[in-house]
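Student: Take a look at the following structure, please.
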Amino acid sequence: MKNLKPIFLFVVVILALNLNAQSNAGLKLPEGFKATLFADTIGSARHIAVTKSGVVFAKLMYPNKAGKSIIRLEDANKDGIADKINGWANYGGTGIFVKGKDLYATSDNDVYLYQLNDNDEVVNPSSPKTIVKGLIAKNQHASKSITLDGDNNVYVNIGAYSNACQEKDRTAGSKGMMPCPILDSAGGIWKFSGTKENQVYGDGKRYATGLRNVVGLDWNTQSNSLFVMQHGRDQLNSFYPTLYNDAQNAELPAETMYELHEGDNAGWPYVYFDPYQKKKILAPEYGGDGKKEGGENALNPTVFFPAHMAPNGLLFYTGDQFPAKYKNGAFIAFHGSWNRAPLPQEGYFVAFVPFKNGKPNGEWEIFANGFSGLADGEKVTNVRKVKSRPCGLAQGPDGSLYVSDDARGSIFKISYAK
Amino acid sequence: MAKQLPILFLSVLFFTVSVNAQDLVKGKKIYETRCLACHQADGGGVPNMNAPLDGSSNVVGNNIARLVKIIKGGYSEKIALDGYYYNNVMTANPDLKEEDIANVLSYVRTSWSNKASKVTVAQVQAAQRKK
């Protein structure tokens, strides 16, 4: 027994060190904020939604080990860590959205509607209503993200199944198709009724086009309009090495936020947004040389960010818990890049943009960092080794911010202590 | 003559080694220009997006014909690879010569933690005859 003492001490020290390293769940946050690891290893958590009572729902990209793809998480003892976790459904997907007792979830083809009871438990786990069906999902940008406006319309991203609408996708020398036929059924945001069942393409309308792939989107209640984050195109250096070197590819094009109104066009695949020239530049697949401008009728971004960081979550903060500067501003979850290689990768953080009256009001900044698990200032070069990749965002009834991660399968809860 | 034998032997050995080294250097160059963007410098790929080549049972496996077909024609079958799925579409390389394919496959099969045999031009040719 006596010689167990050192071991015991050792274990205590290790535990203490561990807890210490895990303060704020390993995240780096602005002064006054704290974070808890609300849940861990639940599966590939994409988007998340929180009910008025604080129950969290996560949509998984693939069913987890238990074969479930929608996870319900409840923190009954209110310690910031989910203590009641269960799930249902067996289809992968990204989108989830809750409105009152209506819970919407998506597969890569369909939008489903579940009913919640007074305890925010699902009433019809195996028999949801099918709201929209038969949306295009090919091998790329297949995930469907959703949000609703104040009138029960659901906005669905249908990503382009292509990088730059070449005749042969991602192939050097292959020209861009003119006009790009993908835009008829993808590469935009479609609007459907959130209450009608069994809608197909013809029942909805193409709300906005020229968007390569949107994952993060949110309805802004101040401007009463839809905002989306586009994933910019890849691989300018792979296909046009004489026009773009590795360093230029790493910074081109910008990741862009757009405010959308019906009929808008953001310009993909014909143009991309260059963050240095601050212009819409003609894509090389369509005769561009890195300088020629194009897209006269296409939108300019509302805000733009460094290239390839993959904005997967967008949330306008309407809570009262965070300091005043955050009110109505935009949080963006950047999943983190891969197409900056061979240069170091970027992203893997949650950014913030202040907004006033539905318009950006100041520069963007990093809000929460440290998801990658690397030391401060260390850049990601091995994407496979990254610990957590921010993906979805949701606001709790108390004004806390939840961030999901589809790499390790965790959910972080970020709060402000006055 | 007997005296010259070791020298002959040594130069043959040297020749073999340098030819092999050359394969991998060329293979690495092709990897960097055509594969690294997606499969990354560490061969680890991008989870859910681009399959890893480092540690992949298919990459170090015996089905060379499948690997040749993937390099030439691109790949997007969305079947589980070592239990995981990948959402990107792999570019075709119809312009790569048999020697280039042998070189790049040799590179990926012997790099990082991969310790499989190199791929010869004859194997690439045999694979293409199979179709």
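The values are calculated or read from the model by the stated rules, or taken from the named source; none is laboratory data. Just so it is clear, the model here is predicted, and its values are computed rather than measured. Cβ coordinates were reconstructed from backbone atoms using ideal geometry, including for glycine residues, and neighbour counts include every protein chain displayed. When the accessible area is computed, the model is the full protein with side chains, heavy atoms only, and any ligands, DNA or RNA have been set aside. Shrake-Rupley method; radii C 1.70, N 1.55, O 1.52, S 1.80 Å.
Student: For region A:147-261, evaluate the Debye formula with one uniform point scatterer on each Cα (no solvent term) and list log10 I(q)/I(0) at q = 0.17, 0.18 Å⁻¹, rounded to two decimals.
Tutor: So the normalised log intensities work out to -0.88, -0.94.
Student: So if R0 is 51 Å, what FRET efficiency would B:Glu77 and A:Ala324 give, r being the distance between their Cβ atoms, rounded to the nearest 0.05?
Tutor: 0.45
Student: Calculate what fraction, in whole %, of the accessible area of chain A sits on carbon and sulfur atoms when a 1.4 Å probe is rolled over the protein chains.
Tutor: It is 52 percent, rounded to a whole number.
Student: Same structure again: Could you list which residues have their amide H under 5 Å from that of A:Ala407, counting only those 5 or more apart in sequence or on another chain, with H placed in the peptide plane?
Tutor: A:Arg389
Student: Could you work out the pair-distance distribution P(r) of region A:260-304 from its alpha-carbon pairs, with 10 angstrom bin width and percents rounded to whole numbers?
Tutor: Bins of 10 Å from zero give 31, 56, 14, 0 percent of pairs.
Student: Give me a single rounded figure for A:170-177: the average over its residues of other chain Cβ atoms within 10 Å of their Cβ.
Tutor: 3
Student: Roughly how much of B:Met49 is accessible, in Å² to the nearest 10, using a 1.4 Å probe?
Tutor: Number for this one is 50 Å².
Student: Under the 0.36 nm per residue contour assumption, what length would be gained going from the current alpha-carbon distance of A:Leu343 and A:Gln277 to full extension?
Tutor: Roughly 21.6 nm would be gained on extension.
Student: Further question: Which entries in the list A:Lys84/A:Lys144; A:Lys325/A:Lys379; A:Lys59/A:Lys144; A:Lys99/A:Lys196; A:Lys78/A:Lys413 go over 21 Å, if you measure between the two C-alpha atoms of each?
Tutor: Result: A:Lys84/A:Lys144; A:Lys325/A:Lys379 exceed 21 Å.
Student: Then there's this: Got a sec to turn the phi values of region A:79-89 into Karplus ³J(HN,Hα) couplings, 6.51 cos²θ - 1.76 cosθ + 1.60 with θ = phi - 60°, whole Hz, x for Gly and Pro?
Tutor: With the stated coefficients, region A:79-89 comes to 9, x, 10, 4, 10, 10, 10, 8, x, 7, 6 Hz.
Student: Could you give the semi-axes, largest first, of the ellipsoid that matches chain A, computed as the square roots of 5 times the alpha carbon gyration tensor eigenvalues and rounded to whole Å?
Tutor: Square roots of five times the eigenvalues give 35, 27, 20 Å.
Student: Can you give the mean number of other chain Cβ atoms that lie within 10 Å of the Cβ atoms in peptide B:44-55?
Tutor: Mean number of neighbouring Cβ atoms from other chains: 4.
Student: Ranked highest first by average number of other Cβ atoms within 10 Å, how do A:106-115, A:304-313 line up?
Tutor: A:304-313, A:106-115
Student: Oh, and also: If you take the accessible area of A alone plus B alone and subtract the pair, what total do you get in square angstrom, rounded to 100, with a 1.4 Å probe?
Tutor: When A and B are taken together, about 1800 Å² of accessible area is lost.
Student: What are the aspartates and glutamates whose alpha-carbon lies under 18 Å from the alpha-carbon of B:Lys130, with same-chain residues fewer than 8 places away excluded?
Tutor: Cross-link targets: B:Glu98, B:Glu99.
Student: Could you tell me the number of lysine pairs in region B:26-129 with C-alpha atoms less than 14 Å from each other, where the two lysines are 8 or more residues apart or belong to different chains?
Tutor: Lysine pairs, 8 or more places apart or on different chains, close enough: 5.
Student: Same structure, new question: Which distance in nm do the two modelled labels at A:Lys196 and A:Asn152 give, with both placed 7 Å along the Cα-to-Cβ direction?
Tutor: With each label point 7 Å from Cα toward Cβ, the separation is 1.3 nm.
Student: Helix A:5-21 sits at what angle to the longest principal axis of chain A, using alpha carbons and giving 0 to 90 degrees rounded to 10?
Tutor: So the helix axis and the longest Cα principal axis differ by about 40 degrees.
Student: Write down the accessible area per residue of region A:131-219 in Å², having rolled a 1.4 Å probe over the full set of protein chains.
Tutor: It amounts to 34 Å² per residue over region A:131-219.
Student: What is the set of long-range amide H partners of A:Ser193 at a cut-off below 5 Å, with H atoms built 1.01 Å from backbone N?
Tutor: A:Val154
Student: What number, rounded to the nearest 500 deg cm²/dmol, is the helix-based mean residue ellipticity at 222 nm of chain A, given -39500 (n - 2.57) per DSSP H run of at least four residues and division by all its residues?
Tutor: -2000 deg cm²/dmol
Student: To the nearest 20 debye, what is the magnitude of the charge dipole of region A:305-418 about its Cα centre, counting +1 on the Cβ of each Lys and Arg and -1 on the Cβ of each Asp and Glu?
Tutor: Its charge dipole is roughly 80 debye.
Student: I need the fraction of alpha carbon pairs in region A:22-110 separated by more than 20 Å, rounded to a whole percent.
Tutor: That fraction is 40 percent.
Student: Another question, if that's okay. Taking 7 Å along the Cα-to-C-beta vector as the label spot, tell me the B:Lys118-A:Asn357 distance in nanometres, rounded to one decimal.
Tutor: 7.0 nm
Student: I would also like to ask the following. If the cut-off is a Cα-Cα distance under 27 Å, which lysines reach A:Lys291, setting aside same-chain residues fewer than 8 apart in sequence?
Tutor: A:Lys168, A:Lys175, A:Lys278, A:Lys279, A:Lys280
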